Amino acid sequence: MEGHLLMSSKERERLKLLARVKRGELKLKEAAELMDLSYRQCRRLYKRQRELGDRGLLHRSRGRPSNRGYQAEFKAAVLSRYQERYPDFGPTLAAEKLVADGYELDHETLRGWLLQARLWRKRRKRSAHRSWRERRAHFGELVQLDGSHHAWFEKRAGRCCLMKLIDDASSKRMARLAEEETIFSAMQLLWQWIDRYGIPRALYTDKKNVYVVDEKTRARAADSGQEVLTQFGWACKKLGIEIITAHSPQAKGRVERSHGTYQDRLVKELRLANIETITGANELLENGYGEQLSERFAVAPRAAADYHRSPKGYDLAAIFCIEEQRSVTIDWIVRFENQYFQLQPPRKNLPGRGKVLARRYLDGSLHFCYQQQELTYIILPGRPQPTAKPLKRKRRPKPTNELRRKTCGPPASHPWRNFIFGRGAPLQRS
């Protein structure tokens, strides 16, 4: 008795065919064709079955450890290291970290070990319900921009926002942490992207008022024939960058899905490096880790041409700023941010008139520009007071009898003073 045998469906079919050969219903050559094997291999199988019985059809490596498999000690060390240092890491990220620790193995092997040890469970994948949009063909043709609010430092610090740019064609990305999703943080990230790659052709953003004005303001501006843009919109217009707004988060799904990658990987990297400040996190991103993530998930674009333009000839510091127009007085005094500034005119004895541009740069410095010329200034301690001119007092003429009659009232004996309403004029006293 051979006992119970565990056979695959292929092996059961081979058993049936070889049984027909034994009964004389098929020739060995015909059985080889039906089993899609060579005649010599079929003959070896038939010989092994006659010698060992049905067990001879089983694969001889079944039940044996693989020659290419890992040792049990190595597997135990990997699982112990995972539980000690990376208990909430996914298999792919954990495999990358374990390689740095000296444990080199494939992420799918680690996934199987974790599932077997019940240290990891599969995540449910949601079904796609929106139409798929093909990637743009050229690098720099469309760059998606968005911010992700998250507890990036876990409980070591408060919540903050990760600003992220990702190219639609190649998935190259760049990220920067800031306190909030503001105009300043968006300008800083775009400036950093331009310094590395160049000026992109278009940006794909949501309808947040950081990037575009609301619908009502845009409609009122269209009726009056004016163009209303945000400060970030004006900067993009000066650089020739088109802003395209998405009608839903799924429309810019490439940058939205990358939020989950950063919330998984960057949070754990900050924990391993014991970083708990925005400055420290940005140094980590700028000193190689951001480029490492970009290269990890980048793909080759369909077309080789780069649509980025060179920033040569642009004063990026004067473009990426908060710019407002202010009226200047005749003595070159201007008010900005509730302070008064005394400007130095570009030429002597030039009376002030018209408007000046007040620009607050990203580094916090303030600049005033008049007719494409930057002006120097000093801050006044308070509101300037106008110089008071002494008033000339007019001398009164000496009063005469005629002047007295004009200026003084009637005497007490005048009939007007003794008049009583309803009784007529009083009698004159003799």
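Using alpha carbons only, how many degrees (0 to 90, rounded to 10) separate the axis of helix 215-224 from the longest principal axis of the chain? Approximately 50 degrees, to the nearest ten. Which residue, 74, 297, 184, has the most motion in a Gaussian network model of the chain that connects Cα atoms within less than 10 Å? Largest GNM mean-square fluctuation: 74. Over the range 116-256, the Kirkwood radius and the radius of gyration, each from Cα atoms, give a ratio Rg/Rh of 1.04. Kindly express, to the nearest 10 degrees and within the range 0 to 90, the angle between helix 39-52's C-alpha long axis and the longest C-alpha principal axis of the chain. Orientation of helix 39-52: about 70 degrees from the principal axis.
Heavy-atom accessible area, probed at 1.4 angstrom with all protein chains present, ranks 50, 68, 360 as 68, 50, 360, highest first. Estimated at the nearest 10 Å², the accessible area of residue 141 is 30 Å² with a 1.4 Å probe. Can you give me the distance in nm between label points at residue 11 and residue 195, each placed 7 Å from the Cα along the Cα-to-Cβ direction? Computed distance between label sites residue 11 and residue 195 equals 6.4 nm. Just so you know, the Cα atoms of the range 1-74 work out to an Rg and Dmax of 14.9, 52 Å.
Once the C-beta distance of residue 312 and residue 362 is scaled by a Förster radius of 22 Å, the resulting FRET efficiency is 0.65 to the nearest 0.05.
Protein heavy-atom accessible surface, 1.4 Å probe, per residue over the range 214-301: 54 Å².
Against the criterion of solvent-accessible heavy-atom surface with a 1.4 angstrom probe, 277, 92 sort, most first, into 277, 92.
Using just its DSSP H runs of length 4 or more, each adding -39500 (n - 2.57), the chain gives a mean residue ellipticity at 222 nm of -10500 deg cm²/dmol after division by all residues.
Split the accessible area of the chain by element, probe 1.4 Å, and carbon with sulfur accounts for 49%. Taking all protein chains together, 199, 378 sort by accessible area into 378, 199, largest first [probe 1.4 Å]. Return one number: the angle in degrees, 0 to 90 and rounded to the nearest 10, between the long axis of the Cα atoms of helix 72-85 and the longest principal axis of the Cα atoms of the chain. With rounding to tens, the tilt is 10 degrees. Accessible area per residue for the range 73-189, computed on protein heavy atoms with a 1.4 Å probe, is 55 Å². Tell me, Kirkwood radius of the chain from alpha-carbon pair distances, in Å? One over the average 1/r among Cα pairs gives 30.8 Å for the chain.
In the range 215-302, how does Rg compare with the Kirkwood Rh, expressed as the Rg/Rh ratio over alpha carbon atoms?
Ratio of gyration radius to Kirkwood radius: 1.12.
Rolling a 1.4 Å probe over the heavy atoms of the protein chains gives the range 1-65 an accessible area of 82 Å² per residue.
Could you tell me which of rounded, prolate or oblate describes the range 179-334, using a ≥ b ≥ c as the square roots of the eigenvalues of the alpha-carbon gyration tensor, with rounded for a/c under 1.5 and, failing that, prolate when a/b is larger than b/c and oblate otherwise? Prolate is the answer for the range 179-334, as a/c is 1.5 or above and a/b outweighs b/c.
Modelled label positions at residue 348 and residue 70, each set 7 Å beyond Cα in the direction of Cβ, lie 8.3 nm from each other. Projecting label points 7 angstrom from Cα along Cα→Cβ for residue 412 and residue 28 puts them 16.1 nm apart.
The values are calculated or read from the model by the stated rules, or taken from the named source; none is laboratory data. None of the values given here were measured: they were computed from a predicted structure. No Cβ is skipped: glycine too gets one built from the backbone with ideal geometry, and neighbour counts run over all protein chains shown. Accessible surface is based on the protein model in full, side chains and every heavy atom, while ligands, DNA and RNA are left aside. Shrake-Rupley method; radii C 1.70, N 1.55, O 1.52, S 1.80 Å.
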